[in-house]
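Trainee: Just passing along the structure, written as structure tokens.
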Amino acid sequence: MDTRIVTAARVAGIEPFHVMEVQTAARALEAAGRTVVHMEIGEPDFPTPAPVLAAAQAALAGGRIYYTSALGLPELREAIARHYAERFGVPVAPERVIVTAGSSAGLLLVMALLVDRDQQILLSDPGYPCNRHFVRVLEGEPVGVPVGPLTNYQLSADLIEAAWSTRTRGVLIASPSNPTGTQVPPDELRRIAATCARLGLRLIVDEIYLGLTYDGPPQTALAIAGEHADDIFVVSSFSKYFNMTGWRLGWVIAPERHVRDLEKLAQNLYICPPTVSQRAALACFLPGTLALLEERRRAFGERRDFLVPALRELGFGIPVRPSGGFFVYADSSRFAADSQAFCRDLLQATGVAITPGLDFGRHRAEAHVRFAYTIEMAKLEDGVSRLRDYLRDR
Ligand SMILES: Cc1ncc(COP(=O)(O)O)c(C=O)c1O
């Protein structure tokens, strides 16, 4: 009998998160009695808001935790649509809203809708690492386009024009971005939408961090893209702004003509998003919950205002001030040629955990690190002070 276990070739192309290596090493230090300043963690430190927990408890007490429609509970789709009108001033038909199992499932559904074998999706490098793997598992080709400070670490209409080919199906943008916290300026986003329409490319905008912006009111691509707004895909989530990472709930605003196909994909891939989470999420849009979330957003903004100048003063390169999310992507090349070794050594020497650029792509990854400000101010201050001592001694 042949006992070899054969696995699909695509698995070999999927890379692990290097930040997990940092987290494992950080936990080992903690187990040995050291205190660690966790600036590697990509989720809010704030707990799920109490009204959301209460709604979940009420749903559980009712006991009727059945499958919902693959598109999500109608009342939640309506609540999300209303949120766009109230928060972003843009009308969205509830029929366009598809509730998903985290934005991760939303991104996978959209990629499954668009990508055939060997077809390309343009992505920014650096960018959120799972995106290239979503494309890869579908036998498509993720094309990382190097981006830097000149374009806010984002794709631009010119970069798309230079990078597309007849095999390109779409363009994925995250604004604000993980790892850079930077946004695509509205004028540029308008140009990108027009360029994609002209070249026959589909535009997907990941707005998972849109609620967490600090320099003016958030603007969704749906409000910016003008005549192209009905043709773009917007992906978002309850994970970050709403502090619900573990509930696995997000959504997609899709062009109406694609909703039925996305529904079929969701039905087959995971049946429906989690029912308890959906009932809980209805409480996200209560005025009291939104007021609490705004307070937390302001706290994130204060952390950003502390951390960015503090890191610059230490000598990290941050040419574009991050305006959203909770990350700072910093040039560490002044201190080390290899940012992965730098992160490893920093953790062992000081107990400060940060993420190497390698997690986010290839382009100048060895020259960058990512700091997350998902810890309270006193801990951030402690982290910066440990960094200062470490860099002084080098
Ligand atoms: C840019 C970006 N998109 C999507 C996700 C996926 O988040 P979730 O599936 O929790 O909505 C993340 C998670 O960190 C992210 O940073």
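Trainee: Within the stretch 93-112, how many residues are crowded, with 21+ Cβ neighbours inside 10 Å and either more than 16 Å from the ligand (Cβ to nearest atom) or at pLDDT below 95 (or both)?
Mentor: First, the residues of the stretch 93-112 that are crowded, with 21+ Cβ neighbours inside 10 Å: 96-103, 105-111.
So of that shortlist, the ones also either more than 16 Å from the ligand (Cβ to nearest atom) or at pLDDT below 95 (or both) come out as 96.
Residues in the stretch 93-112 being crowded, with 21+ Cβ neighbours inside 10 Å and either more than 16 Å from the ligand (Cβ to nearest atom) or at pLDDT below 95 (or both): 1 in total.
Trainee: Now, a different point. So, in the stretch 365-382, exactly how many residues are closer than 19 Å to Arg312 by Cβ and either surrounded by 20 or more Cβ atoms within 10 Å (Cβ to Cβ) or in contact with a Cys (Cβ under 7 Å, 6 or more places away or on another chain) (or both)? Lay out the reasoning, then the answer.
Mentor: Applying the first criterion (closer than 19 Å to Arg312 by Cβ) to the stretch 365-382 yields 367-373, 377, 380-382.
Pick out the ones that are also either surrounded by 20 or more Cβ atoms within 10 Å (Cβ to Cβ) or in contact with a Cys (Cβ under 7 Å, 6 or more places away or on another chain) (or both) and you get 368-373, 380.
Qualifying residue count, the stretch 365-382: 7.
Trainee: Filter the stretch 327-364 for residues that are among the hydrophobic types (A, V, I, L, M, F, W, C), open to solvent by less than 10 Å² (accessible area, probe 1.4 Å) and over 22 Å from Arg304 (Cα atoms) and give the result.
Mentor: Phe342 - this is the single residue of the stretch 327-364 that is among the hydrophobic types (A, V, I, L, M, F, W, C), open to solvent by less than 10 Å² (accessible area, probe 1.4 Å) and over 22 Å from Arg304 (Cα atoms).
Trainee: Is there a residue being within 14 Å of the ligand (Cβ to nearest atom) and either more than 19 Å from the chain's Cα centre (by Cα) or not polar (S, T, N, Q) (or both) anywhere in the stretch 252-261?
Mentor: Restricting attention to the stretch 252-261, the residues satisfying the condition of being within 14 Å of the ligand (Cβ to nearest atom) are 252.
Right, trim to either more than 19 Å from the chain's Cα centre (by Cα) or not polar (S, T, N, Q) (or both) and you get 252.
Checked the stretch 252-261: at least one residue is within 14 Å of the ligand (Cβ to nearest atom) and either more than 19 Å from the chain's Cα centre (by Cα) or not polar (S, T, N, Q) (or both).
Trainee: Could you list, in sequence order, all residues of the stretch 145-154 that are under 30 Å from Ala9 (Cα atoms) and crowded, with 19+ Cβ neighbours inside 10 Å?
Mentor: Of the residues in the stretch 145-154, the ones under 30 Å from Ala9 (Cα atoms) are 145-147.
Scanning the stretch 145-154 gives Val145, Val147.
Trainee: Ser165 - would you say it is more than 16 Å from the ligand (Cβ to nearest atom), open to solvent by 10 Å² or more (accessible area, probe 1.4 Å) and either under 24 Å from Gly13 (Cβ atoms) or outside any helix (DSSP H, G or I) (or both)? Walk me through it before giving the result.
Mentor: Details: more than 16 Å from the ligand (Cβ to nearest atom): yes; open to solvent by 10 Å² or more (accessible area, probe 1.4 Å): yes; either under 24 Å from Gly13 (Cβ atoms) or outside any helix (DSSP H, G or I) (or both): yes.
Taking the combined requirement at face value, the residue satisfies it.
Trainee: Scan the stretch 64-76 residue by residue and report those that are of a type outside the set (Ser, Thr, Tyr), open to solvent by less than 50 Å² (accessible area, probe 1.4 Å) and more than 15 Å from Leu286 (Cα to Cα). Let's see the steps before the verdict.
Mentor: Restricting attention to the stretch 64-76, the residues satisfying the condition of being of a type outside the set (Ser, Thr, Tyr) are 64-65, 70-76.
Among the residues that remain, those that are also open to solvent by less than 50 Å² (accessible area, probe 1.4 Å) are: 70-73, 76.
Listed by number, the residues that qualify are Ala70, Leu71, Gly72, Leu73.
Trainee: Now for a different question. So which residues in the stretch 21-40 are open to solvent by 50 Å² or more (accessible area, probe 1.4 Å) and either within 16 Å of the ligand (Cβ to nearest atom) or at positive phi (or both), if there are any at all?
Mentor: Within the stretch 21-40, Gly33 is the sole residue that qualifies.
Trainee: Condition first: buried (at least 17 other Cβ atoms within 10 Å of the Cβ) and in contact with a Pro (Cβ under 7 Å, 6 or more places away or on another chain). Now tell me which residues in the stretch 272-291 satisfy that.
Mentor: Passing the criteria: Ala283, Thr289.
Trainee: Of everything in the stretch 113-134, what is open to solvent by 30 Å² or more (accessible area, probe 1.4 Å), more than 11 Å from the ligand (Cβ to nearest atom) and either assigned to a loop (DSSP other than H, G, I, E, B) or aliphatic (A, V, I, L, M) (or both)? Give them in sequence order.
Mentor: If the condition is that a residue be open to solvent by 30 Å² or more (accessible area, probe 1.4 Å), more than 11 Å from the ligand (Cβ to nearest atom) and either assigned to a loop (DSSP other than H, G, I, E, B) or aliphatic (A, V, I, L, M) (or both), then Leu113, Asp116, Arg117, Asp118, Gln119 are the ones that fit.
The values are calculated or read from the model by the stated rules, or taken from the named source; none is laboratory data. Predicted, not measured: the structure shown is a model, and the values here were computed from it. Cβ: placed from backbone, ideal geometry, glycine included. Neighbour counts: every protein chain shown. These area figures cover heavy atoms from the full protein model, side chains too; ligands, DNA and RNA do not enter into them. Shrake-Rupley method; radii C 1.70, N 1.55, O 1.52, S 1.80 Å.
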